[in-house]
Amino acid sequence: MPKIRTAALISGRGSNMAALVEAARADDYPADIALVVSSRADAAGLAFATSEGIATALVPSKGQTRDAFEAALEAALRAHGVELIALAGFMRILTPGFVARWEGRMINIHPSLLPDFKGLDTHARAIAAGRTEHGCTVHYVSADLDAGEIIAQARVPVLAGDDAHSLAARVLAQEHRLYPQALASVARRLAPRE
Ligand code: GRF
């Protein structure tokens, strides 16, 4: 069975992308990370992808219009025959038109138990709200931010004395476990394009 050609879109560290790359090395994993796209030239994840021999594309989000940015992104995806997109710390909101073109073929990982704590600073907000449980969610991307259909979640406890940093680290460990599993489940449901 051919693997689903997947692009990981990053803007920074890229640790979730790296977890996907590592999982995709297995022969029986249903997706291949065929392309890593970064919206920032200084994204640390780009160096990792290059060292793994994965094709990379830099599509800067600064200094160009939203339309030009998305046209360049779409062109990179098409050029590499991408069938599925995994957003992995990609700090750019995509337009409803772009999202519609990739409906059912674009997923994201978010560091909270959605629908709680959409948006940024999720760990600090979970602590401030007095939550005893927090976690991460993989979901389909829809036009509304962090609101698409949920694919999988992982939970962690919020411990006494946690700050945003310690809680983020606990959640991140779960992200690295959850995202490869969720991507695999989505890829298995997609027939490769002819
Ligand atoms: C992760 O916490 C992810 O859930 C969020 O941004 C962070 C990206 O980290 N969307 P990394 O770039 O994958 O290391």
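The values are calculated or read from the model by the stated rules, or taken from the named source; none is laboratory data. The structure presented is a predicted model; accordingly, all values stated were derived computationally and were not measured. Every residue, glycine as well, gets a Cβ built from its backbone with ideal geometry; the counts of neighbours run over all protein chains shown.
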Exercise for the section: From Arg170, Arg155, Arg177, Arg125, grab the single residue that is under 24 Å from Thr6 (Cβ atoms) and at pLDDT 95 or above. Expected result: Arg177
Handout entry: Contacts under 6 angstrom Cβ, first residue in the range 81-94 being more than 8 Å from the ligand (Cβ to nearest atom), partner charged (D, E, K, R), 6 or more apart
Key = Gly81/Arg5; Val82/Arg5; Glu83/Arg5; Glu83/Arg193; Leu84/Arg105
Exercise for the section: Would you please name the residue that is surrounded by the most Cβ atoms within 10 Å (Cβ to Cβ), looking only at residues in the range 1-21 that are hydrophobic (A, V, I, L, M, F, W, C) and more than 14 Å from the ligand (Cβ to nearest atom)? Expected result: Ala7
Problem - Failed criterion for Lys62 (all others in (1) out of contact with any Asp or Glu (no Cβ under 6 Å at 6 or more places or on another chain); (2) away from the ligand (no atom under 16 Å from the Cβ); (3) at pLDDT 95 or above hold) - result: (3)
Fill in the blank from the handout: Just one listed residue, out of Gly119, Gly135, Gly148, Gly161, is crowded, with 18+ Cβ neighbours inside 10 Å, without any contact (Cβ under 8 Å) to a residue 40 or more places away in the chain and either of a type outside the set (Phe, Trp, Tyr) or outside any helix (DSSP H, G or I) (or both), and it is Gly135
Completion exercise
Checked Phe90, Phe117 against criteria (touching a helix residue (DSSP H, G or I) at 6+ places or on another chain (Cβ under 6 Å) and not aliphatic (A, V, I, L, M)); the one match is Phe117
Fill in the blank from the handout: Scanning the range 22-35 for residues that are aliphatic (A, V, I, L, M) and in a strand (DSSP E or B), the one nearest to the ligand (Cβ to nearest atom) turns out to be Ile33
Problem - Some residue of the range 36-56 being farther than 21 Å from Pro111 by Cβ, under 14 Å from the mean Cα position of the chain (by Cα), assigned to a strand (DSSP E or B) and away from the ligand (no atom under 13 Å from the Cβ) - result: no
Exercise for the section: Determine, yes or no, whether Pro30 is loosely packed, with under 15 Cβ neighbours inside 10 Å and touching a residue at least 60 places away in the same chain (Cβ under 8 Å). Expected result: no
Problem - From Ala44, Ala57, residue being touching a Lys or Arg at 6+ places or on another chain (Cβ under 8 Å), at pLDDT 95 or above, at negative phi and among the aliphatic types (A, V, I, L, M) - result: Ala44
Completion exercise
Going through the range 95-111 in order, the residues found to be outside any loop (DSSP other than H, G, I, E, B), in contact (Cβ under 8 Å) with a residue 40 or more places away in the chain and in contact with a strand residue (DSSP E or B) (Cβ under 9 Å, 6 or more places away or on another chain) are Val99, Ile107, Asn108, Ile109
Practice task
Please give the number of the condition Asp163 fails out of (1) of a type outside the set (Lys, Arg); (2) more than 30 Å from Pro2 (Cα to Cα); (3) under 14 Å from the mean Cα position of the chain (by Cα).
Solution key: (3)
